[in-house]
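Quick notes on the structure that follows.
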Amino acid sequence: MSDATHGAQSHGSDEIYQHLQPIHPDPDSFIRKWIFSTDHKVIAKQFLWAGFTFLFFGGMLAMMIRWQWAYPGEAVPSFLGGVFLEDTGGVIGPATYNTIFTMHGLIMIFWAITPLMIGAFGNLCIPLMIGARDMAFPTLNMLSFWTFFASGIMIFASFMVELGSAAAGWTTYPPLSTNIGTPGFGQTLVVMAIFTTGSATLMGAVNYIATVIRLRAPGMGWMQMPLTVWGMWLTAILNLLFVPVLAAGAALLLMDRSFGTTFFIAGANGNGDPILFQHLFWIFGHPEVYILILPVWGFIGDFIPFFSRKPAYWYKGSVYAMILVTVLSAVVYGHHMFWTGMNPLLGQSFMLLTLVISVPAEMLFLNWLHTMWKGSIRLTVPMLFALGTVFVFGLGGLTGIFLGTISTDIYLHDTMFVVGHFHLTMAAAAFLGTFGAIYFWFPKMFGKKMNVSLGKYHFWISVVTITVVFCGQMAAGYAGQQRRLWDPFQYTFLAHLADLNRWTTYFGFALGLGQVLFVVNWFKSIFAGEKADENPWELGTLDWTHASSPPVHHNFDVIPRVYTGPHEFANPEVKRLLGRDWLGQAEQLPTDAAAGTGDAPMADSTGDA
Amino acid sequence: MDEGAAMASVQDLHPVRAERERTTLLGMVAFIASWVMLFLGLFFIFAMYRVKQPAWPPLGVDSLPLTLPIINTFVIGLSSASLHWAVRALGAGRRPEAFRGVLATVALGALFMGLQLQLWSDVWASGLELSTNLYASYFYALTVFHAAHVFVGWSLLLWLVAMVRGAPQVSHALRAKLIGMFWHFVGAVWMALFLLVFP
């Protein structure tokens, strides 16, 4: 199918690609270059910095939650207690606790992972990897970031208003999220912020979808795209279709909060139905968890062949598996609502569909393992993070089976087991995968190398602590500890779990402290890092072979023609003729006479399979 | 004849422009897909609520008036037709004809919004206020949400009037097409909304 669209065209038609994306002069004013920039690489960095800010903020909230579970009712040390909880002398009260865990979840999902993973790396990678000079709609791209920025301001503002920020849990279930459960403007502001950041995500999604479909370099068929681009593209489709469903729910919830309607309020205060919100929320919410993992599957799908120096095992299978997961993710949302109550037949259908997802997930896992099998593995920092991601995602995936199965979910629902499970998949895998991407593309973004030893220490501390923290949560949940409890140990049947929780907290703190290594490495590398050359990892994708580090404003002086897939490694013929183990996507092997004529030699041996 | 003229004009375009226009149209299709999901979400909630009610409208509540919405269905249908005609005329370079078509669409759009205001004030005066009951709440929420989109589309139409009135530019045909897509979408949402809410 790929050849029909691009490959069959003759070289004469390449001319049009250069005209389709003309080279614009570099912006000369500071504002156009760094603030209201339409350059996808600058916007990627803006998302990166914004995401880091919120990651720190959400991380601090996580530390406060862990403190509360280790030492309930005791004053939080450091500036966290002294500045933010001044009124209570540092003690976290029940209402404050609700705000903390609610905002931890919302900030991490919508304002930390989404901008870091999708905003930053979607923007950076898609044009560079498919050979485009920018996104399809650069102005819309700029608008996307600034809309996101506005929503971030709303989040910070929500902490300043009377009665504090949102406190209804990240799921924002009514009636807790209506004025009955959380009066005050804070919750309203947060719902508005979700609506706003949703529009920012949509603008990005439209851009990603159109760019991948329309701006691929000549010769790059669908099955020659790096898996990173596949992950981002499928994520964009899910965002495009399902974020609006959340927006519909948010709009009605805002009316309930501000205009006195009762869509989601039942009982004495209205004749609405709170369950309806749950449906809308999870129709969005389940695709959302795949939104947060598909880009990571893309990253590691590329990193593993890159650093095993082997073509990806069954590349097309990985692509089909990701497409299958994207489709299935839209029809399994009911498994979040087994306890809400539903027709048993419907419940079993949702259970079956949910468990079917493990088939494509297994395909991906086997492909990753097969790719590594007998490869010349280079344990670079991005590779370590990719392997860590495979490990934590494996744990998270396996424990998901028990939550997708009704009979076990009945027991585990709403316990810390659920919290541990979704943190392993959504948080740990997204965290490690995104950090792998940061280490991987840092030389391209800044033209500098990151420190390898610091990176490796950062990896080992992160992967060990993050695994222990979330496995500790699952153990507590299996023992019966419900989630979201302010002081779990006031209940006698949970009192014996205090030690488990305290130890989990110690590992949580170590995880938090370990990130200092990254911060040091980051700033040191930006300001004093060793200069990186164009292709430090020795890879064949266009971002490394045809763009300087950092790339020029228009990325490519001449948009290259692509001949092969993204993982062309270990080809003996390439080794013989070029003396290296990789072949660029836009590179043709010289003939033995070194004449290098025509496009015949490599066109057939595209090693997808 | 229209057909032939439109075809010729597309072929006259520089191939680069044609390629770019395809990209822009694809972006618009994606945007509209997301709007479709937004309204589907709202309709889904409404339908789930409605099918569980023992009586609709609730006992003792008068049904919504039908005359104005039926008239409005024809108004917005006609406006889609006139805009379609105008966009085609513009694509073929027949600007006076396009101008008349867009002007007719603007007038029909204004009529739609006027009648909609009349409908809301009638319903409100009959005692069905926003928070009287959910029968009224859903009616207002869905129609106001839709009307907000009509208003956006109508503002774009005013811009289109200025374009068609001013000096001809190559970009006009594409912009007209994009605005047309949005306006047809808004019309289609009304049809669905009409069938769901009023009967």
| Could you list, in sequence order, the residues of segment B:71-91 that are in contact (Cβ under 8 Å) with a residue 40 or more places away in the chain and surrounded by fewer than 20 Cβ atoms within 10 Å (Cβ to Cβ)? | B:ILE71, B:THR73, B:GLY77, B:HIS84
| request: Within segment B:121-154, work out how many residues are over 21 Å from A:ALA247 (Cβ atoms), more than 14 Å from every other protein chain (Cβ to nearest Cβ) and either without any contact (Cβ under 8 Å) to a residue 24 or more places away in the chain or among the small types (Gly, Ala, Ser) (or both). | output: 4
| within 30 Å of A:TYR491 (Cα to Cα) and assigned to a helix (DSSP H, G or I): does that describe A:TRP67? | yes
| Do you know which of the residues in segment A:242-273 that are in a helix (DSSP H, G or I), farther than 15 Å from A:THR188 by Cβ and of a type outside the set (A, V, I, L, M, F, W, C) is farthest from the other protein chains (Cβ to nearest Cβ)? | A:GLY267
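Take the residues in segment A:441-472 that are over 22 Å from the mean Cα position of the chain (by Cα) and in a helix (DSSP H, G or I), then tell me which one is farthest from A:GLY529 (Cα to Cα). Even if it seems obvious, please write down each step before you answer.
Taking segment A:441-472 first, the residues over 22 Å from the mean Cα position of the chain (by Cα) are A:447-449, A:451-454, A:457, A:472.
Imposing the further condition that a residue be in a helix (DSSP H, G or I) reduces the set to A:452-454, A:457, A:472.
Details: A:VAL452: 11, A:SER453: 13, A:LEU454: 13, A:TYR457: 18, A:GLY472: 38 Å.
Checking each candidate, the answer is A:GLY472.
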| request: Answer yes or no as to whether A:ASP302 is in contact (Cβ under 8 Å) with a residue 60 or more places away in the chain, assigned to a helix (DSSP H, G or I) and within 11 Å of another protein chain (Cβ to nearest Cβ). | output: no
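Condition check ((1) surrounded by fewer than 22 Cβ atoms within 10 Å (Cβ to Cβ); (2) within 30 Å of A:ILE377 (Cα to Cα)) across all residues:
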position: A:ALA251; (1), (2): yes, no
position: A:ASP256; (1), (2): no, no
position: A:ILE275; (1), (2): yes, no
position: A:PHE281; (1), (2): no, no
position: A:PRO287; (1), (2): no, no
position: A:GLY301; (1), (2): no, yes
position: A:TYR315; (1), (2): no, yes
| request: Only residues that are at pLDDT 95 or above, β-branched (Val, Ile, Thr) and surrounded by fewer than 19 Cβ atoms within 10 Å (Cβ to Cβ): list them for segment B:114-160, please. | output: B:VAL144, B:VAL152
| task | From the list A:GLY394, A:GLY447, pick out the single residue that is touching a helix residue (DSSP H, G or I) at 6+ places or on another chain (Cβ under 9 Å), touching a residue at least 12 places away in the same chain (Cβ under 8 Å) and of a type in the set (Gly, Ala, Ser). | result | A:GLY394
| query | Before we move on, is A:GLY59 modelled with pLDDT of 95 or more, farther than 30 Å from A:ILE559 by Cα and of a type in the set (Gly, Ala, Ser)? | reply | yes
| request: Quickly run through segment A:127-144 and pick out the residues that are surrounded by fewer than 24 Cβ atoms within 10 Å (Cβ to Cβ) and more than 14 Å from chain B (Cβ to nearest Cβ). | output: A:MET142
| task | State all residues of segment B:126-141 that are among the hydroxyl-bearing types (Ser, Thr, Tyr) and closer than 16 Å to B:LEU193 by Cα; if no residue qualifies, say none. | result | B:TYR135, B:SER137, B:TYR138, B:TYR140
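Filter segment A:74-92 down to the residues that are surrounded by 14 or more Cβ atoms within 10 Å (Cβ to Cβ) and on the phi < 0 side of the Ramachandran plot and list them by number. Walk me through how you get there before you give the answer.
Step one: list which residues in segment A:74-92 are surrounded by 14 or more Cβ atoms within 10 Å (Cβ to Cβ), which gives A:75-76, A:80-81, A:84-85, A:90-92.
A:ALA75, A:VAL76, A:LEU80, A:GLY81, A:PHE84, A:LEU85, A:VAL91, A:ILE92 - these are the residues of segment A:74-92 that are surrounded by 14 or more Cβ atoms within 10 Å (Cβ to Cβ) and on the phi < 0 side of the Ramachandran plot.
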| query | How many of the residues making up segment B:1-21 are part of a helix (DSSP H, G or I) and either modelled with pLDDT of 95 or more or more than 7 Å from every other protein chain (Cβ to nearest Cβ) (or both)? | reply | 14
| Within the bounds of segment A:219-226, is there any residue that is in contact with a Phe, Trp or Tyr (Cβ under 7 Å, 6 or more places away or on another chain), in a loop (DSSP other than H, G, I, E, B) and within 30 Å of B:ARG22 (Cβ to Cβ)? | yes
| Mind checking which pairs have a first residue in segment A:570-584 that is without any contact (Cβ under 8 Å) to a residue 60 or more places away in the chain and a second that is of a type in the set (Gly, Ala, Ser), Cβ under 7 Å, 6 or more apart or different chains? | A:LEU583/A:GLY540; A:GLY584/A:GLY540
| task | Look through segment A:175-216, keep the residues that are of a type in the set (A, V, I, L, M) and part of a loop (DSSP other than H, G, I, E, B), and return whichever of them is farthest from the other protein chains (Cβ to nearest Cβ). | result | A:LEU176
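Return yes or no: is A:ALA312 more than 11 Å from chain B (Cβ to nearest Cβ) and either touching a residue at least 12 places away in the same chain (Cβ under 8 Å) or part of a helix (DSSP H, G or I) (or both)?
Yes, satisfied.
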| Hey, among the residues in segment A:85-97 that are in contact (Cβ under 8 Å) with a residue 12 or more places away in the chain and closer than 14 Å to A:PHE159 by Cα, which one's farthest from the chain's Cα centre (by Cα)? | A:ALA95
| message | Being buried (at least 18 other Cβ atoms within 10 Å of the Cβ) and in a helix (DSSP H, G or I) is the filter here; which residues of segment A:155-174 pass it? | response | A:ILE155, A:SER158
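The values are calculated or read from the model by the stated rules, or taken from the named source; none is laboratory data. This one's a predicted model, so the numbers in the text were calculated from it and none came from an experiment. Neighbour counts are summed over all protein chains in view; Cβ atoms, including those assigned to glycine, are modelled from backbone coordinates with ideal geometry.
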